[in-house]
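Participant: Handing you this structure, nothing more for now.
The values are calculated or read from the model by the stated rules, or taken from the named source; none is laboratory data. From a predicted model like this one, the values you see are computed outputs, not experimental measurements. Note that each Cβ is placed from the backbone with ideal geometry, even for glycine, and that neighbours are counted across all protein chains shown. Keep in mind that these areas ignore ligands, DNA and RNA; they rest on the heavy atoms of the full protein, side chains included. Shrake-Rupley method; radii C 1.70, N 1.55, O 1.52, S 1.80 Å.
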Amino acid sequence: MHAPQINLLVAWVWILLGFASGTVMGLFFHRDDWMGGYGSFKRRLYRLAHISFFGLGAVNLGFYFTVRAAGSGAAIVPVASWAFVVGAISMPLCCYLMAHFPRARLLFGLPVISLLLGGVFTAVSIFQSIEASL
């Protein structure tokens, strides 16, 4: 599977995982003491992981359509594609891991840097595509 098709697949799998994780959390959210209560660190990170599935699914979907519209001729498009995939995979994993091991917070550097690189490379690719068409 090539860029950006992998991003389309990740987008829809992550949206489904968002639905699934929300369903599981929805079975217990009515309990005030679940995971230490609504404001507890663990529960906040589980909510962050849940919403990251939707958010990063949308980012990967946006990337897919951006590359289709702007072209995928730039050599950095595959790098941007995989950076978004790595960010999508690592963000919820880091959230779940940190919920149970708070000292693992430095691991958040992986998804953050990966997603920043994906965004920068995408912007550069779009700029190159616009510049080439002028």
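Participant: Within the range 35-58, can one find any residue that is open to solvent by less than 20 Å² (accessible area, probe 1.4 Å), basic (Lys, Arg) and either part of a helix (DSSP H, G or I) or touching a His at 6+ places or on another chain (Cβ under 6 Å) (or both)?
Facilitator: Within the range 35-58 (the criterion being open to solvent by less than 20 Å² (accessible area, probe 1.4 Å), basic (Lys, Arg) and either part of a helix (DSSP H, G or I) or touching a His at 6+ places or on another chain (Cβ under 6 Å) (or both)), the answer is yes, since at least one residue qualifies.
Participant: Could you list, in sequence order, the residues of the range 71-82 that are in contact (Cβ under 8 Å) with a residue 60 or more places away in the chain, assigned to a helix (DSSP H, G or I) and not aromatic (Phe, Trp, Tyr)?
Facilitator: As a first pass, look at the range 71-82 and keep what is in contact (Cβ under 8 Å) with a residue 60 or more places away in the chain: 72, 77-78, 80-82.
Now drop any that are not assigned to a helix (DSSP H, G or I), which leaves 77-78, 80-82.
77, 78, 80, 81 - these are the residues of the range 71-82 that are in contact (Cβ under 8 Å) with a residue 60 or more places away in the chain, assigned to a helix (DSSP H, G or I) and not aromatic (Phe, Trp, Tyr).
Participant: Would you be able to say whether some residue in the range 108-127 is polar (S, T, N, Q), more than 15 Å from residue 60 (Cα to Cα) and open to solvent by 40 Å² or more (accessible area, probe 1.4 Å)? If you could, list the steps in order and put the result at the bottom.
Facilitator: Going through the range 108-127, the residues polar (S, T, N, Q) turn out to be 114, 122, 125.
Restricting the remaining residues to those that are more than 15 Å from residue 60 (Cα to Cα) gives 125.
Still in the list and also open to solvent by 40 Å² or more (accessible area, probe 1.4 Å): none.
Looking for residues that are polar (S, T, N, Q), more than 15 Å from residue 60 (Cα to Cα) and open to solvent by 40 Å² or more (accessible area, probe 1.4 Å), one finds none in the range 108-127, hence no.
Participant: Given the conditions (1) modelled with pLDDT of 95 or more; (2) farther than 20 Å from residue 22 by Cβ; (3) not aromatic (Phe, Trp, Tyr), report the number of the one that residue 99 does not fulfil.
Facilitator: (2)
Participant: For the range 1-11, which residues satisfy the criterion of being part of a helix (DSSP H, G or I) and surrounded by 13 or more Cβ atoms within 10 Å (Cβ to Cβ)? Walk me through it before giving the result.
Facilitator: Start the filter on the range 1-11 by keeping residues that are part of a helix (DSSP H, G or I), which leaves 5-11.
Answer for the range 1-11, where residues must be part of a helix (DSSP H, G or I) and surrounded by 13 or more Cβ atoms within 10 Å (Cβ to Cβ): 6, 7, 8, 9, 10, 11.
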